[in-house]
1. Against the definition (modelled with pLDDT under 70, crowded, with 19+ Cβ neighbours inside 10 Å and either in a loop (DSSP other than H, G, I, E, B) or of a type in the set (A, V, I, L, M, F, W, C) (or both)), how does Leu267 come out, yes or no?
2. I need the full set of residues from the stretch 52-68 which are farther than 13 Å from Ala102 by Cβ and assigned to a helix (DSSP H, G or I), in order please.
3. State the number of residues belonging to the stretch 192-201 that are more than 17 Å from Leu156 (Cβ to Cβ) and within 13 Å of the chain's Cα centre (by Cα).
4. I'd like the residue in the stretch 2-46 that is modelled with pLDDT under 95 and on the phi > 0 side of the Ramachandran plot and, out of all such residues, is surrounded by the most Cβ atoms within 10 Å (Cβ to Cβ).
5. Of the conditions (1) part of a loop (DSSP other than H, G, I, E, B); (2) crowded, with 21+ Cβ neighbours inside 10 Å, Arg86 clears all except one; give me its number.
6. Can you spot a residue in the stretch 69-80 that is in a loop (DSSP other than H, G, I, E, B), over 28 Å from Arg232 (Cβ atoms) and touching an Asp or Glu at 6+ places or on another chain (Cβ under 9 Å)?
7. Could you pull out the residue among Gly164, Gly191, Gly202 that is outside any loop (DSSP other than H, G, I, E, B) and not charged (D, E, K, R)?
8. Name the one entry in Gly88, Gly94, Gly164, Gly121 that is on the phi > 0 side of the Ramachandran plot and modelled with pLDDT of 95 or more.
Amino acid sequence: MTTPKPVGAIRLSVIIPAYNESSRILPYLTQTVQYLARRGDSHEILVVDDASTDGTAAVVTQVQTGQPAIRLIPLPRNMGKGAAVRAGMREARGELRLFADADGATPIQELERLEAAIKAGADLAIGSRPLAARDSRFTVKARAHRSVLGSFFNLLVQCLGLHGIPDTQCGFKLFRMPIAQDLFSVMRVDGYGFDLELLYLGRRRSYRVAQVPVNWADQPGSKVRVFRDGVRMLRDMLAIRRNYQKGLYQPLPAATSYPSTGVHTDLEARISSAGS
């Protein structure tokens, strides 16, 4: 059952997409609850269950007891990570909206680094493992074959329109509310390629994207198959370029988009000019 949506805006929404994560989500969800409680800001944690078959929803429901900030959003069928994040973003109420992978590869405390980038003027801030790997202050633990194939994938992606972003796939990204409202209202990719879509659109809309080094550790049980899913994401990238050329990513009319905010109004001119 979907947890009822509370009324009113809050400071932070954390969206956690989950598909068959019963063995991995509990530690990260618990850490996130404790960390946000210590901060004291108003917040919500939206776990989007992508039609899991392993009892993921039951684990989340167990943690929900006595934790009104946690909301469980079940999807009617397995739709993909992109669709799950999109559903969470559309239900979120936060002035800032973070999506984070359920495995906890990026510690929730790294949120503070992304928040600093937003405070400095970025429209969205994305975790970057390559930047972290070049800095001795950070720790990045990745399996060798995934690093090699991932680097090759990102090289191809940069050639296809995302030059200068060496890490598109880190599952730790923070958005200002109006930016999330705009991007996730028009995005179409349901699978892992949704990161490419949101960054491609962000670039075309002239949004300020901050790449932020974050600590990261590969977790056992990843559902991403580097070669197979990498090929699919490259196909998604080509489809995204075609969709953009066809004009399929125009901002929604005010009457059908998300509720307006003062900040969103300030951005309308930039969105319209970038999309034309």
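The values are calculated or read from the model by the stated rules, or taken from the named source; none is laboratory data. The shown structure was predicted, so the numbers you read here are calculated from the model rather than taken from an experiment. Please note: Cβ atoms are built from the backbone with ideal geometry, for glycine as well, and neighbour counts cover all protein chains shown.
1. On the way: modelled with pLDDT under 70: yes; crowded, with 19+ Cβ neighbours inside 10 Å: yes; either in a loop (DSSP other than H, G, I, E, B) or of a type in the set (A, V, I, L, M, F, W, C) (or both): yes.
So Leu267 fits the description; yes.
2. In the first step, residues of the stretch 52-68 are kept if they are farther than 13 Å from Ala102 by Cβ; the result is 53, 55, 58, 61-62, 64-68.
Answer for the stretch 52-68, where residues must be farther than 13 Å from Ala102 by Cβ and assigned to a helix (DSSP H, G or I): Ala58, Thr61, Gln62, Gln64.
3. Matching residues across the stretch 192-201 total 2.
4. Within the stretch 2-46, the match that is surrounded by the most Cβ atoms within 10 Å (Cβ to Cβ) is Gly40.
5. (1)
6. Taking the stretch 69-80 first, the residues in a loop (DSSP other than H, G, I, E, B) are 69, 75-80.
Then drop every residue that is not over 28 Å from Arg232 (Cβ atoms), which leaves 69.
Filter once more, keeping what is touching an Asp or Glu at 6+ places or on another chain (Cβ under 9 Å): 69.
Yes.
7. On the way: Gly164 fails: outside any loop (DSSP other than H, G, I, E, B); Gly191 fails: outside any loop (DSSP other than H, G, I, E, B).
Of the residues listed, the single one that is outside any loop (DSSP other than H, G, I, E, B) and not charged (D, E, K, R) is Gly202.
8. Gly121
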